[in-house]
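Here's the structure, in structure tokens; my notes come after.
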């Protein structure tokens, strides 16, 4: 895998995934994102998650997160050039499951990043994506009234 930085699209596999999305018809793009996320999420905890599958899942999760409140738009030249549909809300928890699998012990991508000096920064990027996809609820504040 050719990787040039820690960004979600800063590698050959993610850039190729973007190209696949661009080549697909608009109505097929959500299905491609769903398939990539499902492959990663459905990999059992004991099963080894292949690097390419993990990289595609991170890129797909970044595209879903970009449409969430607080999400960062994908502006890199390695991301998709063609418009994406508004993704169904059920892709958010699927993206979270996929990201959890990407950083698990049996993930080739996590192992490869853990061998570098950039491991913490890469993991922080995944954590930030996850936080956008599944934000922690605000603590409820109760109004106190004198009765």
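Nothing in this text is a laboratory measurement; each read-out follows from the coordinates by a stated rule. Computed from a predicted model, the values in this text were never measured in an experiment. When we count neighbours, we look across all protein chains shown, and the Cβ atoms used for this are built from the backbone with ideal geometry, even at glycine.
Segment 69-117 and segment 8-63 have Cα centres lying 8 Å from one another. The modelled label-to-label distance for the pair residue 89/residue 50, using points 7 Å beyond Cα in the direction of Cβ, is 3.4 nm. When 78, 48 are sorted by how many other C-beta atoms sit within 10 angstrom of their C-beta, beginning with the fewest, the order is 48, 78.
When the chain is treated as a GNM with alpha-carbon contacts under 10 Å, the residue of 83, 93, 73 showing the greatest mean-square fluctuation is 83.
Dividing the summed helix terms, -39500 (n - 2.57) for each DSSP H run of n ≥ 4, by the number of residues in the chain produces a 222 nm estimate of -17000 deg cm²/dmol to the nearest 500.
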